[in-house]
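The values are calculated or read from the model by the stated rules, or taken from the named source; none is laboratory data. Keep in mind it's a predicted model, so treat the numbers as computed, not measured. Neighbour counts are summed over all protein chains in view; Cβ atoms, including those assigned to glycine, are modelled from backbone coordinates with ideal geometry. Remember, those area values only see protein heavy atoms, side chains included, never the ligands or the DNA or RNA. Shrake-Rupley method; radii C 1.70, N 1.55, O 1.52, S 1.80 Å.
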Amino acid sequence: MDSITSKSKNAGKLNEKGFTILEMLFSFTLFLLIVGFLPLGLRTVVEFNQFEKRMQRLEWEVFISQVKKEMRMAEQITVQNDRIFVYRNNEKILYEKYGSSLRRRVDLKGHEILIQNIKSVGFSYQAGQLAITIIDLFGQEYITQFTPLIRGNVS
C-alpha cells in the first residue's frame with residue numbers, strides 16, 4: 001500500500017500538460033512582432049549611410065560658395081598640389097588637408113574646418129582656371145573649376 005500512495009503523491013507534482021494552443025499562439029505572436037520590426041531597424045542603418053552622403057554633398061556646396069567668394073577678393077593666389085595660399089588685405093590664408101578634414105588657416109593661425117570625411121584633396125591652376133578636386137571617405141569625387149577674379153597674379 002505504501003508504494004501506491006507514494007506514486008500518487010509524485011503524480012500530483014509532475015505536470016505533463018505541455019504547451020496549450022493559447023500559449024503557442026502567444027509565443028508565435030511575439031516572434032512575429034520581433035521579426036516584423038527587424039526590417040525597420042535595418043532600414044534605419046542603411047538610410048543613415050545615405051544621409052551621410054547627402055550631408056557631404058551639402059558641405060561641398062557651402063565650401064565652394066565660400067571659396068569662390070574668397071577668391072574674388074584675392075590679391076594673389078599660390079597653388080601647390082595639396083594646398084593653396086590666398087593673399088588678401090595683408091593676410092595669408094591657407095587651405096590644406098588636415099587628417100580627414102580640409103581646414104582654413106589665416107596667417108598660419110587658427111583651425112577652421114571646412115569639409116569633413118575626406119580622403120584626398122587636390123588644387124591645380126591651368127589656363128586661367130582654378131580646379132579643386134576632393135574625394136570623400138565614401139569614394140565620391142567632387143570637382144569644381146572656376147576663374148578667380150584677382151588683381152594680382154596666380155602662381
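Just a few scattered comments:
- Within segment 110-148, the set of residues being open to solvent by 40 Å² or more (accessible area, probe 1.4 Å) and of a type in the set (Phe, Trp, Tyr) comprises 125, 138.
- Evaluating residue 73 against the criteria (1) at pLDDT 85 or above; (2) surrounded by 11 or more Cβ atoms within 10 Å (Cβ to Cβ) leaves one unmet condition, (1).
Matching residues to (1) closer than 18 Å to residue 146 by Cα; (2) modelled with pLDDT under 85; (3) charged (D, E, K, R); (4) out of contact with any helix residue (DSSP H, G or I) (no Cβ under 8 Å at 6 or more places or on another chain):
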{"position": "33", "(1), (2), (3), (4)": "no, no, no, yes"}
{"position": "40", "(1), (2), (3), (4)": "no, yes, no, yes"}
{"position": "44", "(1), (2), (3), (4)": "no, yes, no, yes"}
{"position": "50", "(1), (2), (3), (4)": "no, yes, no, yes"}
{"position": "58", "(1), (2), (3), (4)": "no, yes, no, yes"}
{"position": "79", "(1), (2), (3), (4)": "yes, no, no, yes"}
{"position": "93", "(1), (2), (3), (4)": "no, no, no, no"}
{"position": "98", "(1), (2), (3), (4)": "no, no, no, yes"}
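- Among the conditions (1) surrounded by 11 or more Cβ atoms within 10 Å (Cβ to Cβ); (2) among the β-branched types (Val, Ile, Thr); (3) modelled with pLDDT under 85, the only one that residue 64 does not satisfy is (3).
- Only one entry of 138, 123, 146 meets the criterion of being among the hydrophobic types (A, V, I, L, M, F, W, C) and in contact with a Leu (Cβ under 7 Å, 6 or more places away or on another chain), and that entry is 146.
- Test: residue in segment 96-109 that is over 15 Å from residue 66 (Cα atoms), within 24 Å of the chain's Cα centre (by Cα) and open to solvent by 70 Å² or more (accessible area, probe 1.4 Å): yes
- The set of residues in segment 85-103 being part of a loop (DSSP other than H, G, I, E, B) and closer than 19 Å to residue 59 by Cβ consists of 99, 100.
- The residues of segment 104-151 that are assigned to a strand (DSSP E or B) and among the charged types (D, E, K, R), listed by number, are 104, 105, 109, 112, 119, 136, 141.
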